[in-house]
Amino acid sequence: MQMAEQTKPAEHTEQPEQLPLSSVYKVLDQVTIFKSEKWWEAIVIIESYGRRSIAMYLWQKRDGKWKRKHKFQIRNPQEWEKVKNAVDKLAPKLFGENPKPQTQ
């Protein structure tokens, strides 16, 4: 009886594209959400001065260079819970549930 030859999955050797970040930040991991000729959106785990955070970036290409348009950082689990809870609360209103008007 012959044994089937086992094949190893292909190793991922492609390096992610270098993000247009200051050299102050060490990129630990990254996920590009969207990229076009003019816009680039990514979620990045960065480290700076020994502190880690998750940052959401939006860059715009102007004069041939990527310029940061927006940056939003989450620095600790408590901040993440606040952001997550707010998005969980508002997402159904975005996706079709009847939004209740806010009273001011």
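Since every read-out is calculated from the coordinates, none of them should be taken as a lab result. Note that the structure is a prediction, hence the values are computed from the model and not measured. All Cβ positions, even for glycine, are placed from backbone atoms using ideal geometry, and neighbour counts span all protein chains on display.
Data overview
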quantity	calculated
Lys, Arg +1 and Asp, Glu -1 on Cβ, resulting dipole of segment 26-94 about Cα centre, debye, nearest 20	300
Convex hull of Cα atoms in segment 26-94, direction-averaged projection (nm²)	5.9
Dipole axis of segment 26-94 (+1 Lys, Arg; -1 Asp, Glu on Cβ), positive-most option in SER53, SER36, ILE74	SER36
Gain upon complete extension [PHE72, ILE43; 0.36 nm per residue less C-alpha separation]	9.5 nm
Förster-model FRET efficiency, 41 Å R0, SER36 and ASN85, C-beta, rounded to 0.05	0.85
